[in-house]
2 protein chains.
Amino acid sequence: MKHIPYRYYLPEEKMPKTWYNLRAAMPEKPDPLINPGTGKPVTPDDLRPVFCDKLIAQELDNDTPEFDIPQPILDMYRIYRPSPLVRAYRMEAALKTPAHIYYKFEGNNTSGSHKLNSALAQVFYAKDQGLKSLTTETGAGQWGTAVAEACAAFGLDLTVYMVRGSYDQKPYRKDVMRTFGATVYPSPSDTTQAGRAILARDPHTTGSLGCAISEAVEKAVTTPDCRYVLGSVLNQVLLHQSIIGLESYEALLEFNEYPDIVIGCAGGGSNLGGLMAPFMRDTLEGKRKGTRYIAVEPASCPSLTRGRYEYDFCDTGKITPMAKMYTLGAEFIPSPNHAGGLRYHGMSPIISKLYHDGYMEAVSYEQTNVFDAAVQFARLETILPAPESAHAIRCAMDEAIRCRETGEEKIILFGLTGTGYFDMSAYASYCDGTMTDYVPKDSEILAR
Amino acid sequence: MKHIPYRYYLPEEKMPKTWYNLRAAMPEKPDPLINPGTGKPVTPDDLRPVFCDKLIAQELDNDTPEFDIPQPILDMYRIYRPSPLVRAYRMEAALKTPAHIYYKFEGNNTSGSHKLNSALAQVFYAKDQGLKSLTTETGAGQWGTAVAEACAAFGLDLTVYMVRGSYDQKPYRKDVMRTFGATVYPSPSDTTQAGRAILARDPHTTGSLGCAISEAVEKAVTTPDCRYVLGSVLNQVLLHQSIIGLESYEALLEFNEYPDIVIGCAGGGSNLGGLMAPFMRDTLEGKRKGTRYIAVEPASCPSLTRGRYEYDFCDTGKITPMAKMYTLGAEFIPSPNHAGGLRYHGMSPIISKLYHDGYMEAVSYEQTNVFDAAVQFARLETILPAPESAHAIRCAMDEAIRCRETGEEKIILFGLTGTGYFDMSAYASYCDGTMTDYVPKDSEILAR
């Protein structure tokens, strides 16, 4: 058997040149976005004030399996990609597991996460259309940083609405975005009608992704030559993030390995959707049987495990289209003690549909348990994981421990989406023993 | 000509298996460390209470050119090495230079810098000798983080004395070290005689590396089964850091490139000494002519460009051996407005000797000028550099601009030592326009 290095980087010439659209392989497609005004599926014209044209085409295309990655995006990808596929030898040894544990590490770039993959794509298309500026929202700050980097690379102005809880918890995140030239407001802010309305109801709110989306969309549609970009949930984002899975697939092929279990943290679903795409294709097309796909979410924001599968707004202000997805309700705001991202009330319609149709599993973990895994992982693998990524680590460890008990030599692949350098207040509370868990009551989730 | 990728990673099997000891090639060796008690060169017995035995042998060996890297260290290196050699195509294009600009990027690991290379070596040897704990000091925090990671990997306890100015400026750095299991004190502290003495003289001091070294050494020699480790200046550290240069050399060979100019930031000299080692060997052995080596230092801590070449203590408390080096005086403390590392009063005796003998150049830059380069680099290359590394960027950009003016297609190699994720308060002050420069007066430097 060929020697498997600790960190494997595909050579530049083997980098994927196309993204893969998982919807093309789905026997039943995700339900369409609905225009809440007409009650009908959204049209490209409905979306045109918000998204740029090429992205609308990608968003609404359920059939084309492959999209060419434009050369300027490939040129940026090759600065920080391929990302390493890591065989976690030290973690395997520490867990005394016969499992082979792999993780695809997307934190080796300054955005600190996989988010840059879609940010570069979205910003390029905006530039290509002749737009001058973009708006977006950010929760933990990774998406905002990624878009700020991409806007610096392609020369567009950017306004970021950052969830106020994160803005206060991670003051330096905004300074990274400013270093890349972005303007950053804590959300809710007084710069939009949506923000002012939310502040009027609750002046001390820590904000939510749903609320920040409302503000960013409003700002985009009221500014000339401006559009809005979103870092997760949307079909186009999962399309761009398929680069993660395609590289993983290719790299594992070289070592004749194929995952029995694919694990990803899931907030809006961008990482997991991208990571699993080519493997799920094999499952959907019947080429492989028995592969398990596990979405891991925080117990404090459990959209798949405790939400309802129904049409809901993508934002708190209810100005966006409605999506058929697992949702906790557009007004849901995670408890302030929740660290990191994975704080969105809904879930990618693609993942929601696959989960609903039985192709996937979902689990949720409480925060302290997740940080137990994060700290153990850091000490073993020398990478300080983002809290988001640590959800996948927790699950991968538990599956590997199960293999130790059963003696099964399973191949486990998980997404290590990013690094935790801007999450040190959460790590500090863990080290101090003051970290707390929170599981929302049914009345908080279903009060709508 | 073979295509040069943006980021090139040597395959695992081409990783160096030995470190290279540059002293072996020096026609005149660096002057020996002096025991201030006896006035004579230090003996292994003098150093035994402070350093572990294998490291003493490396420290005092001027002749052996190559040292085998023990397998457990290689096993850890392969988790995060080889580090990428990056061809800065976007920077070249933006500067409109015919120069080829390469940088060796050491920030792709959680310590955020090259420091992990020596930390793993030093901690392994301590473990191998049966020691139970280590002490060290840290300035900007990168070295402390690296040792904390290494101690977590090899299972030793660690106490870190962190320069108080950095401790206050970068509160999250200590939390990273704590996450890896270290105990961190701001220095000067009341836990040592040296610290109490310095506090008695100046209760509001922001501290210095020299002072933190005094505390860490005192703690090591007064604790059973404990030794001290240092992240720069020492010969052993430059030996371990030669891995940077060896990988760069090998990678450049594959593309038939050889640097005309090798540039590194220089605080204690560990990165530059490691990066240049195999190239300087060629120069010293007459195999190559005309290669320039440039040490870049902050104008606020200009040991090579404004210090004296003489014997001085390595620490403020004057409990360490004396080294012949360029020094600003053991009492020198950089102005509090100075961000990041590169705040040591002295310089590696190897680099000092080579500079004194005319093999190297040195330049200094003021802080705002350095951050101009840092921000331009971040926006072009997508990496947020550490302030330390940005000194080398500034110099590389200036040399590349010179090439634009002369039309010379020079090959420039610089060390990008790490990332600036924990230096955001400095970036914020730059973005706010409140960053200031400081050039010490002669009376501050030479008052001794």
### Query
Do we have any residue at all in region A:172-193 that's more than 30 Å from B:MET91 (Cβ to Cβ) and in contact (Cβ under 8 Å) with a residue 60 or more places away in the chain?
no
### Summary
Of the conditions (1) open to solvent by 40 Å² or more (accessible area, probe 1.4 Å); (2) over 24 Å from A:ASN337 (Cβ atoms); (3) more than 14 Å from chain B (Cβ to nearest Cβ), the single one that A:ASP157 does not satisfy is (3)
### Query
For region B:9-26, how many residues are in contact with a helix residue (DSSP H, G or I) (Cβ under 8 Å, 6 or more places away or on another chain) and over 17 Å from B:GLU66 (Cα atoms)?
2
### Message
For region B:324-334, which positions are open to solvent by 20 Å² or more (accessible area, probe 1.4 Å) and closer than 14 Å to B:TYR438 by Cα?
### Response
B:ILE333
### Task
Could you grab me the full set of residues in region A:224-271 that are open to solvent by 20 Å² or more (accessible area, probe 1.4 Å), in contact with a Phe, Trp or Tyr (Cβ under 9 Å, 6 or more places away or on another chain) and more than 27 Å from A:ASP315 (Cβ to Cβ)?
A:LEU246, A:TYR249, A:GLU254, A:GLU257, A:TYR258
### Task
Kindly list the number of the only condition in (1) at pLDDT 95 or above; (2) in a helix (DSSP H, G or I); (3) crowded, with 24+ Cβ neighbours inside 10 Å; (4) in contact with an Asp or Glu (Cβ under 9 Å, 6 or more places away or on another chain) that fails for B:ALA194.
(1)
### Task
Mind counting the residues in region B:77-116 that are facing chain A (nearest Cβ under 9 Å), surrounded by 24 or more Cβ atoms within 10 Å (Cβ to Cβ) and over 19 Å from the mean Cα position of the chain (by Cα)?
0
### Query
When both residues are 6+ apart or on different chains and their Cβ atoms are under 7 Å apart, which pairs have a first residue that lies in region B:1-25 and is more than 23 Å from B:GLY269 (Cα to Cα) and among the aromatic types (Phe, Trp, Tyr), and a second that is assigned to a helix (DSSP H, G or I) and open to solvent by 10 Å² or more (accessible area, probe 1.4 Å)?
B:TYR6/A:ARG78; B:TYR6/B:TYR89
### Query
Within region A:197-212, restricting attention to residues that are open to solvent by 10 Å² or more (accessible area, probe 1.4 Å) and either aliphatic (A, V, I, L, M) or within 14 Å of another protein chain (Cβ to nearest Cβ) (or both), which residue is farthest from the chain's Cα centre (by Cα)?
A:ALA200
### Message
Being open to solvent by 40 Å² or more (accessible area, probe 1.4 Å) and in contact with a strand residue (DSSP E or B) (Cβ under 9 Å, 6 or more places away or on another chain) is true for just one of A:ARG288, A:ARG281. Which residue is that?
### Response
A:ARG281
### Task
Sort through B:TYR20, B:TYR9 and tell me the only one that's surrounded by 12 or more Cβ atoms within 10 Å (Cβ to Cβ) and within 14 Å of chain A (Cβ to nearest Cβ).
B:TYR9
## Note on the structure
Note on B:ARG343: of the conditions (1) modelled with pLDDT of 95 or more; (2) touching a Pro at 6+ places or on another chain (Cβ under 9 Å); (3) open to solvent by 10 Å² or more (accessible area, probe 1.4 Å), unmet is (1)
### Query
Mind checking whether some residue in region B:367-384 is within 14 Å of chain A (Cβ to nearest Cβ), open to solvent by 50 Å² or more (accessible area, probe 1.4 Å) and more than 22 Å from B:ALA94 (Cα to Cα)?
no
### Task
Might you check whether a residue that is crowded, with 24+ Cβ neighbours inside 10 Å, under 16 Å from the mean Cα position of the chain (by Cα) and away from every other protein chain (no Cβ under 14 Å) occurs anywhere in region A:53-64?
no
### Task
For residues that are touching a strand residue (DSSP E or B) at 6+ places or on another chain (Cβ under 9 Å) and small (Gly, Ala, Ser), scanning just region A:126-142, find the one that is modelled with the lowest pLDDT.
A:ALA140
### Task
With respect to B:THR145, determine if the residue is under 23 Å from B:GLN241 (Cα atoms), open to solvent by less than 10 Å² (accessible area, probe 1.4 Å) and modelled with pLDDT under 95.
no
#### Entry: Search result, residues across region A:298-323 that are open to solvent by 30 Å² or more (accessible area, probe 1.4 Å) and over 24 Å from A:GLU388 (Cα atoms)
A:GLU310, A:TYR311, A:GLY317, A:LYS318, A:ILE319, A:PRO321, A:MET322
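The values are calculated or read from the model by the stated rules, or taken from the named source; none is laboratory data. Note that this is a predicted model, so its numbers are computed, not measured. With ideal geometry, Cβ positions are generated from the backbone for all residues, glycine too; neighbour counts draw on all protein chains shown. Ligands, DNA and RNA are excluded from the accessible area calculation, which covers all protein heavy atoms including side chains. Shrake-Rupley method; radii C 1.70, N 1.55, O 1.52, S 1.80 Å.
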